[in-house]
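The values are calculated or read from the model by the stated rules, or taken from the named source; none is laboratory data. Just so you know, these numbers come straight off a predicted model, no measurement behind them. Neighbour counts are summed over all protein chains in view; Cβ atoms, including those assigned to glycine, are modelled from backbone coordinates with ideal geometry. Surface accessibility is based on the protein's heavy atoms, side chains included, excluding ligands, DNA and RNA. Shrake-Rupley method; radii C 1.70, N 1.55, O 1.52, S 1.80 Å.
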Amino acid sequence: MAKTRVEALYICNNCGAKSYKWVGQCGTCGTWNSLGLAGPGVGDNRQSSINQPPQKLSDVPTSGNQRYQTGLTELDRVLGGGIVPGSVVLLGGEPGIGKSTLALQALGMLSASYETLYISAEESLEQLALRYQRLGLGHQELHALCDGHLENILGELDNKDYRVLVVDSVQTLSARTLDSGPGSVGQVRECAERLVSEAKKRGIAFILIGHVTKEGALAGPKTLEHLVDTVLYFEGDATSRYRLVRAWKNRFGSVNEVGVFAMTTSGLMPVKNPSAIFLSGAKILSPGTAVFASQDGSRPMLIEVQALVDQSSLGNPRRLSVGYEGHRLNMLLAILHRHAGVNLLDQDVFVNIAGGLRVVETAADLAVAAALISSFSNSPIDRKTAFFGEMGLSGEVRPVPRGEERAAESVKLGFNHLIAPSANKLRPQSRAEGLTVSALQTVAELYTLISES
Ligand code: TYD
Ligand code: MG
């Protein structure tokens, strides 16, 4: 006789894995005694889905291109033009970087036109009110609620026709259906899942704040990336004045779009023209510095790359990279050795991107290689020279997108020499604007250009 299925569901308190029978050790993450019985409401969406016939997409009513604009120009940019109704945005970053500040400012601005609610389980109402006044938003209509229980929050949604909500933070939320504490992966995922489904059902936009630990582990927020529509992460270090907000995922805009803010005494202020703020402006010409003409999303920006190559006293020389991927640095060193004869095997190598920035574009390769060669051969690079281009394993300099925009930005900031891939075929007009272009095909050419300058 077939067994009747027991409709009990167990959820791992550590990783959130679901199981229909109790076991001592979670089969997914291997934690012992972590399975707890899930209460009503969890997992039963297997049976409760209403059977709807497929619909013609062109007949489905949409809200058109409606977006809630926060008025913080840089935030609206990374979002792709504002917050889309019914979307869920995850705003992640290290503690103290400015997540709550940005969310409070954005919501404060929106509260003038829409029904909004700031839900915090991290700060008291008084703390929130103090910050609100400090941000100069005292005259706005924003309502706040200090609660970390998911059920209470969902209940509150029935009371008003809310349009935009901030939840600060997902790690402090808990659902009664799980018996693990707030912050566990199971809770974070369960709460986010239910908020996302609520957002879609009611057309409410949510901004979920998520903490990323100092070590860079995105444990909690990382597991939510596939659930939400947009993922924004704060970059830059909390001690510097400037903060970058980067779109890692965006269903309603382009990824890698960057918003730049300055932290001031009255909150985060958008930096409209950030191109030059990451250049040191040093007057002394020193070896090991190269300027990278970057293009993050739709914004060109000039960024300073620093390298230090120094005789090593260790058998296994150090390779340290801040702001530029370590594996890529190792690859560059191998390319330089094999295809340009630059032997750094007995040298310590350090690379740093100025201003606490992180470059994600492969187009930074050429600038990093140039800085390395410059430091190694003790030949400073002229301050009015900028670089972009990707490096291939066979020593070739590969083209990258948006060469013209990078060239135009370099000219705008007073650069007169651009070292770029020849395959980018920069149009003659960029040269006409007082810009000399050295079009490279191989890394060996780069070596000659820098070491003999
Ligand atoms: P906060 O938004 O609380 O960070 P998070 O929510 O990401 O943990 O920002 C905290 C930092 O910002 C704190 O160090 C103080 C600073 N700050 C200012 O410099 N000016 C301001 O107007 C505000 C509100 C905060
Ligand atoms: Mg906070």
### Task
Of all residues in the range 97-151, count the ones that are under 18 Å from Gln171 (Cα atoms), hydrophobic (A, V, I, L, M, F, W, C), open to solvent by 10 Å² or more (accessible area, probe 1.4 Å) and in a loop (DSSP other than H, G, I, E, B).
1
### Task
Just name the residue that is farthest from ligand 2 (Cβ to nearest atom) out of those in the range 111-123 that are at pLDDT below 95 and of a type in the set (A, V, I, L, M).
Ala112
### Task
Please tell me if Ala290 is touching a residue at least 60 places away in the same chain (Cβ under 8 Å) and buried (at least 21 other Cβ atoms within 10 Å of the Cβ).
yes
### Query
From the list Asp161, Asp168, Asp147, which residue is closer than 21 Å to Ser111 by Cβ and within 13 Å of ligand 1 (Cβ to nearest atom)?
Asp168
### Selected residue (criterion: nearest to Thr239 (Cα to Cα)) from residues of the range 73-96 that are buried (at least 22 other Cβ atoms within 10 Å of the Cβ) and within 14 Å of ligand 1 (Cβ to nearest atom)
Gly93
### Query
Does Pro428 qualify as being modelled with pLDDT of 95 or more and open to solvent by 60 Å² or more (accessible area, probe 1.4 Å)?
no
### Output for the range 321-351, where each listed residue is within 22 Å of the chain's Cα centre (by Cα) and of a type outside the set (D, E, K, R)
Ser321, Val322, Gly323, Tyr324, Gly326, His327, Leu329, Val351
## Note on the structure
In the range 103-144, anything hydrophobic (A, V, I, L, M, F, W, C) and away from ligand 1 (no atom under 16 Å from the Cβ) is listed as Leu110, Ala112, Leu117
### Message
Of the conditions (1) open to solvent by 40 Å² or more (accessible area, probe 1.4 Å); (2) of a type outside the set (Lys, Arg); (3) not in a helix (DSSP H, G or I), Ser240 satisfies every one except a single condition; which number is it?
### Response
(1)
### Summary
Going through the range 145-164 in order, the residues found to be under 27 Å from the mean Cα position of the chain (by Cα) and within 16 Å of ligand 2 (Cβ to nearest atom) are Gly148
### Query
How many residues does the range 172-187 hold that are within 16 Å of ligand 2 (Cβ to nearest atom) and either open to solvent by 40 Å² or more (accessible area, probe 1.4 Å) or modelled with pLDDT of 90 or more (or both)?
3
### Query
Of the numbered conditions (1) open to solvent by 20 Å² or more (accessible area, probe 1.4 Å); (2) within 16 Å of ligand 2 (Cβ to nearest atom), Ile207 satisfies every one except a single condition; which is it?
(1)
### Summary
Reported set for the range 298-319 where residues are closer than 27 Å to Lys384 by Cα and surrounded by fewer than 16 Cβ atoms within 10 Å (Cβ to Cβ) is Ser298, Asp310
### Message
I need a count of the residues in the range 256-314 that are assigned to a strand (DSSP E or B), at pLDDT below 90 and among the charged types (D, E, K, R).
### Response
2
### Message
For the range 154-171: of the residues being assigned to a helix (DSSP H, G or I) and open to solvent by less than 40 Å² (accessible area, probe 1.4 Å), which is farthest from Ala205 (Cα to Cα)?
### Response
Gln171
